[in-house]
Amino acid sequence: MDLTKEAIKYLAEQGITPATRLIKTETGQNFVIDNNGSAQELKPRIYTAQSAIELNTLTGLVEYIKANLERQKDKLILQVINEHEVSLKGLLKIDGSRERLAVTQAIVPRFNFDHFYDTEEMNIALQSKFVINEHQALLLKVIGNIAEKNVSEASDDGVSQAVTIKQGVASKVDVKVPNPVVLAPYRTFLEVKQPESKFIFRMQEGPRAAIFEADGGAWRNEAIRNIRDFLAKELKNELENQRITILA
């Protein structure tokens, strides 16, 4: 672009010639003068991420932040999107957008809570996709030792079911399965405590068993709080120095 009258006057007062090339003005504008005396304004190059770094653990995200925070001039925002996703973003830009630097998504085992599984599948799922607790152990005992194929013959008051299980070599005993049961499936990042919540456990002829969610999704709020607390602990210094903000 051509120099404005004010810029030309400023250059003349300073005795600047085209050979000097780089001009820094008091207003903070920088110009480069070509051999014809025309000037182009130098604007700072802004580097933005073309795509976010993709991670799968909270630990990896923390390590990324600590390794790269010093390169960032602006304060960063760490947003807990939900129980299985956290995003690292820059500050709001003039155009209203935010640079997304990194995102981590938890890898959690898949389990259908409204589906009846045969007892072998349910046994494996309870051992591999749920945290060990009292009710998990009780359900394993029931489905692992059930003696009757026709569960409909067992006592059922609409809330609790009593099923016949094997006891010893030849004896059998009726066991009442409590409802609701309190279980902790793997549903969020492994670095944080898996939230316990209430479930309805039902059995039917086959025998087959199913687990239905019964807490209205309240466990998600607990999972988000657990993620926030983990990040706040791991990034304590960065929070105290006001280099990063955690939103949940």
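Points worth noting:
- Amide H contacts under 5 Å for I53: A102, V103, restricted to partners 5 or more places along the chain or on a different chain, H placed in the peptide plane at 1.01 Å from N.
- 19 Å Cα-Cα threshold exceeded, pairs from K66/K193; K66/K236; K141/K193; K24/K75; K129/K176: K66/K193; K141/K193; K24/K75; K129/K176
- Taken as Cα centroids, segment 174-196 and segment 79-119 sit 22 Å apart, rounded to the nearest whole angstrom.
- Modelled spin-label separation between D229 and S38, with each label point placed 7 Å from Cα along the Cα-to-Cβ direction: 6.5 nm.
- Length released on extending from L190 to K24, taking residue separation times 0.36 nm less the Cα-Cα span: 54.4 nm
- Computed label-point distance, nm, for sites E85 and K176 using a 7 Å Cα→Cβ extension: 4.5
- Rounded FRET efficiency, nearest 0.05, which uses the C-beta distance separating V108 from R202 and R0 of 22 Å: 0.40
- Chain lengthening between S51 and N68 when straightened (0.36 nm per residue, less Cα-Cα): 4.5 nm
No lab work stands behind these numbers, since they all come straight from the coordinates. If you're wondering where the values come from, they're calculated on a predicted model, not measured in any experiment. For neighbour counting, all protein chains shown are included, and Cβ atoms are generated from backbone atoms with ideal geometry for every residue, glycine included.
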